[in-house]
1. Within the stretch 125-183, track down each residue that is charged (D, E, K, R), under 29 Å from CYS195 (Cβ atoms) and either in contact with a Cys (Cβ under 6 Å, 6 or more places away or on another chain) or surrounded by fewer than 19 Cβ atoms within 10 Å (Cβ to Cβ) (or both).
2. Return the only residue of ARG188, ARG156 being closer than 27 Å to ALA229 by Cβ and free of Cβ contacts under 8 Å to residues at least 12 places away in the same chain.
3. Checking the structure you have, find out if any residue of the stretch 62-71 is at pLDDT below 95, in the same structural domain as PHE35 (by TED's automatic domain parsing) and in contact with a helix residue (DSSP H, G or I) (Cβ under 8 Å, 6 or more places away or on another chain).
4. Which of (1) charged (D, E, K, R); (2) in the same structural domain as CYS164 (by TED's automatic domain parsing); (3) under 22 Å from the mean Cα position of the chain (by Cα) does LYS87 not meet, given it meets every other one?
5. Can you go through LEU218, LEU213, LEU193, LEU223 and tell me which one is exposed (fewer than 13 other Cβ atoms within 10 Å of the Cβ) and either under 30 Å from ASN23 (Cβ atoms) or in contact with a Pro (Cβ under 9 Å, 6 or more places away or on another chain) (or both)?
Amino acid sequence: MLLGEKQSEIKQVAVVTRDQQFNRLLSSVLAEWKFIAVEDLAEAKVVFAEQGIDLADIHGEVVWLTPQPLSEDRFLTTPLSLTQLYKILETEYFPTSRRHIRVAIEVRADICLNSVWQESQLISISDRGGRIVCQNEVQRGTMLQLETNLAGKFLRLPAEVLYCLPAGDVLHSSRPQISVLFKPTDDRVIDMLRCHIEKICVAAACAREGIPLNDPCLSWVDLVDDPWAEVT
């Protein structure tokens, strides 16, 4: 059990394939999302299993990993979309699911408010928005321009402030934070952000597990080599 976490709060899942390296990779991705991969299938609420593996009677939801769609059982086609996998978990565990993978980052971001630019920091991101550490509090509903650099690619996005956390309300921070909803004029930006975030998740898991980025187990996951190719 994780320190400070009640048994009822632990989100237990299982990964069952013949590829042990992939099992490690996906379990590490899930752990970063706060889902714990367990060995005992009876303890898992959701079991991601390679099609063709004989599973004993279990109480949890089985999601088959298969190269071809299935007519009846719940499934994900391989190579896997991490976003689709995440949506299944959010639906199973949360009454109101976000359906967007969010990752922590530390990237400089400049924001423009009322024609005035100020240096800020982007500290988390999804394909639909992010959280920014800024110099001053910003009212909900305010429109701004965000400029940042992701994986060497310059990105400029209009965004709307969803809420603001005053400096005193944020642990270990002397500056306020704002949550923003991206409002790109080109819908392809959302797709490219999603691909970029999926690559971040896999690369981080590989680093934690000591798995090379060219390992064959990555063929289980649908990854785009250059997420920004279509919008640059």
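The values are calculated or read from the model by the stated rules, or taken from the named source; none is laboratory data. Here the structure is a predicted model, which is why all the values come from computation and not from measurement. Cβ sites come from the backbone with ideal geometry, for glycine too, and all protein chains shown count toward neighbours.
1. ARG128, GLU147, LYS153, ARG156, GLU160, LYS183, listed by residue number.
2. Details: ARG188 fails: free of Cβ contacts under 8 Å to residues at least 12 places away in the same chain.
Being closer than 27 Å to ALA229 by Cβ and free of Cβ contacts under 8 Å to residues at least 12 places away in the same chain holds for just one of ARG188, ARG156, which is ARG156.
3. no
4. Against the list (1) charged (D, E, K, R); (2) in the same structural domain as CYS164 (by TED's automatic domain parsing); (3) under 22 Å from the mean Cα position of the chain (by Cα), LYS87 comes up short only on (2).
5. Matching residue, one of LEU218, LEU213, LEU193, LEU223: LEU213.
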